[in-house]
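S.K.: Here it is, the structure in full.
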């Protein structure tokens, strides 16, 4: 095994995170044109597979945030952006017990946030004399 594998892995993670953010920033004009102030993508994965399961759009109406019907958008671009951002921050999110959460892109502040929950299996050993 190459001695630099960890450095290469960390570099790839950094590149994926930057690419994910760049994809979302590239979608800003389209999202703003559609009146979207926030895009929330729910993901879930386990057993070595995972998916973006739901996409919800929000818009500010009279000073309050309200969900809105997700307009036809470039789903491949949104998927690419979401997967790159997720791999860049939470690589392995789909492995074993997996993980779930939301990727939140705020088009007003241009903030990209990943709300990540990792599933963990634990074992406790007890020994009793009978």
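The values are calculated or read from the model by the stated rules, or taken from the named source; none is laboratory data. Note that the structure is predicted; figures quoted are calculated from it, not measured. Backbone-built Cβ (ideal geometry, glycine too); neighbour counts: all protein chains shown.
S.K.: Within segment 27-55, how many residues turn out to be touching a helix residue (DSSP H, G or I) at 6+ places or on another chain (Cβ under 8 Å) and either under 17 Å from residue 118 (Cβ atoms) or surrounded by fewer than 13 Cβ atoms within 10 Å (Cβ to Cβ) (or both)?
M.R.: 1
S.K.: May I pose another question? Identify all residues within segment 13-26 that are buried (at least 18 other Cβ atoms within 10 Å of the Cβ) and farther than 12 Å from residue 112 by Cα; write none if there are none.
M.R.: 16
S.K.: On to the next question. Restricting to segment 56-80, and then to whatever is in a helix (DSSP H, G or I) and in contact (Cβ under 8 Å) with a residue 40 or more places away in the chain, can you tell me which residue is farthest from residue 118 (Cα to Cα)?
M.R.: This residue is 77.
S.K.: Would you check which residues across segment 88-110 are loosely packed, with under 15 Cβ neighbours inside 10 Å and farther than 23 Å from residue 32 by Cβ and list them?
M.R.: Scanning segment 88-110 gives 92, 95, 96, 97.
S.K.: Now a separate question. Might you check whether a residue that is over 21 Å from residue 15 (Cβ atoms), touching a helix residue (DSSP H, G or I) at 6+ places or on another chain (Cβ under 6 Å) and assigned to a loop (DSSP other than H, G, I, E, B) occurs anywhere in segment 105-112?
M.R.: Yes, the conditions are met somewhere in segment 105-112.
S.K.: Suppose we filter 50, 26 for residues that are in a strand (DSSP E or B) and under 23 Å from residue 14 (Cα atoms); which single one remains?
M.R.: 50
S.K.: Name the single residue that is surrounded by the fewest Cβ atoms within 10 Å (Cβ to Cβ) among those in segment 67-87 being in contact with a strand residue (DSSP E or B) (Cβ under 9 Å, 6 or more places away or on another chain) and at pLDDT 85 or above.
M.R.: Step by step, filter segment 67-87, then rank; the result is 67.
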